[in-house]
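Read through the structure below, which is laid out as structure tokens, and then see the notes.
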Amino acid sequence: MAVEVERKFLVASEAWREGAVACPIRQGYLCLGDETTVRIRIAGAAAFITVKSKTEGISRAEYEYEIPLADGEAMLRDLCARPLIEKTRYSLTHAGKLWTVDVFGADNAGLVVAEVELDHPDEVVELPSWAGEEVTADPRYRNSSLVSAPLGDASCEI
């Protein structure tokens, strides 16, 4: 079983931008259940289907498979809940760990969230200076939640 272990933070400054590599992402959800989510994602020129379980602490089961780009485009267009999540994902390394910073657009414009994937739930990670408030346990910051309750500049205050 594939397990995702990650911590999530709001971003406190622009210092992460130096050396970061960008990838545009569009994603939507085929299933938005409490126990399971099923996501379609177009990242650059590749498409993926991802199945995730309910989060337990900072871990959850995750199964991700590449699918034909045309199939991904069709599922985003015809099957996924609206609105779609639009963001640019920036990748960078800090203290030997890969970090991603998601700069959201559309209904979530203005939201910037950083994530770091860990090898195990108890792993100690050195936080970069630009990592702000930790929101790992706050379900409002899950991409699946941002579909029905956007957190962009035009949305309600957090």
If you take the residues in region 36-72 that are closer than 25 Å to Asp119 by Cβ and not in a strand (DSSP E or B), which one is most open to solvent (accessible area, probe 1.4 Å)? Lys54
Residue check for Thr100: assigned to a strand (DSSP E or B), open to solvent by 90 Å² or more (accessible area, probe 1.4 Å) and of a type in the set (Val, Ile, Thr): no
Against the conditions (1) over 13 Å from the mean Cα position of the chain (by Cα); (2) at pLDDT 95 or above; (3) of a type outside the set (Ser, Thr, Tyr), where does Val113 fall short? Just the number, please. (1)
Mind listing whichever residues of region 111-135 are open to solvent by less than 50 Å² (accessible area, probe 1.4 Å) and either in a loop (DSSP other than H, G, I, E, B) or within 17 Å of Glu4 (Cβ to Cβ) (or both)? Leu111, Val113, Ala114, Glu115, Val116, Leu118, Glu123, Val125, Pro128, Trp130, Val135
Output the qualifying pairs, or none if there are none: Cβ atoms under 7 angstrom, residues six or more apart or on different chains, first residue in region 63-84 and farther than 15 Å from Cys31 by Cα, second residue not in a strand (DSSP E or B). Leu69/Ala45
Taking the criterion of being farther than 17 Å from Gln27 by Cα, modelled with pLDDT of 95 or more and surrounded by 13 or more Cβ atoms within 10 Å (Cβ to Cβ), would at least one residue in region 148-156 satisfy it? no
Of (1) closer than 19 Å to Val51 by Cα; (2) loosely packed, with under 13 Cβ neighbours inside 10 Å, Tyr141 satisfies all except one. Which? (2)
Among the residues in region 12-28, are any buried (at least 17 other Cβ atoms within 10 Å of the Cβ), among the hydroxyl-bearing types (Ser, Thr, Tyr) and under 16 Å from Val103 (Cα atoms)? no
So, Tyr90, is that one under 14 Å from the mean Cα position of the chain (by Cα) and either farther than 22 Å from Gly132 by Cα or surrounded by 15 or more Cβ atoms within 10 Å (Cβ to Cβ) (or both) or not? yes
Could you tell me whether region 1-11 includes any residue that is within 30 Å of Ser129 (Cβ to Cβ), part of a strand (DSSP E or B), free of Cβ contacts under 8 Å to residues at least 60 places away in the same chain and out of contact with any His (no Cβ under 7 Å at 6 or more places or on another chain)? yes
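The values are calculated or read from the model by the stated rules, or taken from the named source; none is laboratory data. Just so it is clear, the structure is predicted and the values come from calculations on it, not from any experiment. Neighbour counts run over all protein chains shown; Cβ positions are idealised from the backbone, glycine included. Surface accessibility is based on the protein's heavy atoms, side chains included, excluding ligands, DNA and RNA. Shrake-Rupley method; radii C 1.70, N 1.55, O 1.52, S 1.80 Å.
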